[in-house]
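First comes the structure, then the notes that go with it.
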Amino acid sequence: MMHSETLIIAFFAACGAGILLSLALRPGRQALVLAALGCLTAITAVVAGVHVLLTGKVFTQPLWSLPGLTTLTLRLDPLSGAFVLVTGLVLLPASIYASGELRRESFAGRERLFTVLLLALYASVVLILIAGDALLFLLAWEVMSILCYLLVVTSGEGENGQVGAGYLLLAMSEAGTLAAALGFLLLGLGASSLQFEALRSNASTLGTSARWGVFLLTFF
């Protein structure tokens, strides 16, 4: 049986392979790249989510240590696995639909850019879900926000309404980033690090006002 670590590596490898293939192949092949590699990433995400839900085994992989702050960590547990599973189920039809959209004349000349941005978005969304610390979560969220903005403003003819929608999306994403950062800051008061496990353990020591603050910021 495949391990969660193997499945996570396979997911990001498929995203990376799709981006490289997109850069290497001509525009007429972009729809095929997006359909094949997009569906592969989606299926891998579904399998990873199902695997951790069935086995209950937690996958944790430290990446980089930031002294005095935290260690950037990947973590896939049953809770995040459920979200990864749902994400994979959404990405599968999204990849098929997006590959069909690439054949429209409105995408002429931007097929490669759209494919690269969409596959990078897939990777950033799953990275958010398996982030094991607040800093990696915020970094992945920021990348996702920028990619969403770029997809909105480059997927059509660049009409004013579309550009305005892109700016609105980016503004709301940045507001969400700020709210999440403030919430993590409150949770991190007195915590040993920004690891989610440390934040969870420290939550019981917070006062009523701090708990309400975290709740309101999360709700926002």
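The values are calculated or read from the model by the stated rules, or taken from the named source; none is laboratory data. What you see is a predicted model, and the numbers here were worked out from it, not measured in a lab. Here Cβ is always computed from backbone atoms with ideal geometry, including for glycine, and neighbour counts include all displayed protein chains.
Residues that are over 20 Å from L25 (Cα atoms) and in a strand (DSSP E or B) do occur in the stretch 125-135.
Please tell me if L206 is hydrophobic (A, V, I, L, M, F, W, C), loosely packed, with under 15 Cβ neighbours inside 10 Å, modelled with pLDDT under 80 and assigned to a loop (DSSP other than H, G, I, E, B). The answer is no for L206.
Residue by residue, here is whether (1) modelled with pLDDT of 95 or more; (2) in a helix (DSSP H, G or I); (3) under 30 Å from E5 (Cβ atoms); (4) not aromatic (F, W, Y) holds:
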position	(1), (2), (3), (4)
W141	no, yes, yes, no
I146	no, yes, yes, yes
G161	no, yes, no, yes
G164	no, yes, no, yes
L168	no, yes, no, yes
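Scan the stretch 94-113 for residues that are assigned to a helix (DSSP H, G or I) and more than 17 Å from the chain's Cα centre (by Cα) and the total you get is 12. Filtering the stretch 31-46 for residues that are among the hydroxyl-bearing types (S, T, Y), under 24 Å from F196 (Cβ atoms) and either at pLDDT 95 or above or surrounded by 17 or more Cβ atoms within 10 Å (Cβ to Cβ) (or both) leaves a non-empty set.
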